[in-house]
């Protein structure tokens, strides 16, 4: 059995790696979408497929973040209530995960039907996800300020 400190190091490594992956995908996806919107051109099928793969990777990294975060909370803080800021962080993380799931399902269905994603649906999903991310980051900064 892995000793407690090593388990924490592994979980933190996976947690930070997932943050890195999700952040990179979030920024990269936003840049690609912005460039296409400004050019008023839909992405090529290859770019669209790449975005689908990145969306799935982003969702996977959010799921890993959830599992490693819950495990770390249980190990380090024994599941104790960490205050309102942590609750805000968890609510933001929940909303972000839900937006990722909804967006990925919509993109999958659009692709399966050979239709472009519905911009009227995707725009609020993206905006809500970005706002949720602000709550996640602010909640983490306040909760883990030492």
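The values are calculated or read from the model by the stated rules, or taken from the named source; none is laboratory data. Being a predicted model, the structure only gives us computed values, none of them experimental. We place every Cβ from the backbone using ideal geometry, glycine too, and count neighbours over all the protein chains shown.
Scanning segment 9-33 for residues that are out of contact with any helix residue (DSSP H, G or I) (no Cβ under 6 Å at 6 or more places or on another chain) and farther than 13 Å from residue 51 by Cα yields 9, 10, 12, 13, 16, 17, 19, 20, 23. Checked against the criteria, residue 82 counts as farther than 17 Å from residue 25 by Cβ, at pLDDT 90 or above and assigned to a loop (DSSP other than H, G, I, E, B). Cβ separations smaller than 9 Å between residues 6+ apart or across chains give the following pairs from segment 63-92 residues that are outside the structural domain of residue 136 (by TED's automatic domain parsing) to residues that are outside any helix (DSSP H, G or I) and surrounded by 13 or more Cβ atoms within 10 Å (Cβ to Cβ): 73/82. Count of segment 97-125 residues, restricted to those that are surrounded by 15 or more Cβ atoms within 10 Å (Cβ to Cβ) and touching a residue at least 24 places away in the same chain (Cβ under 8 Å), is 8.
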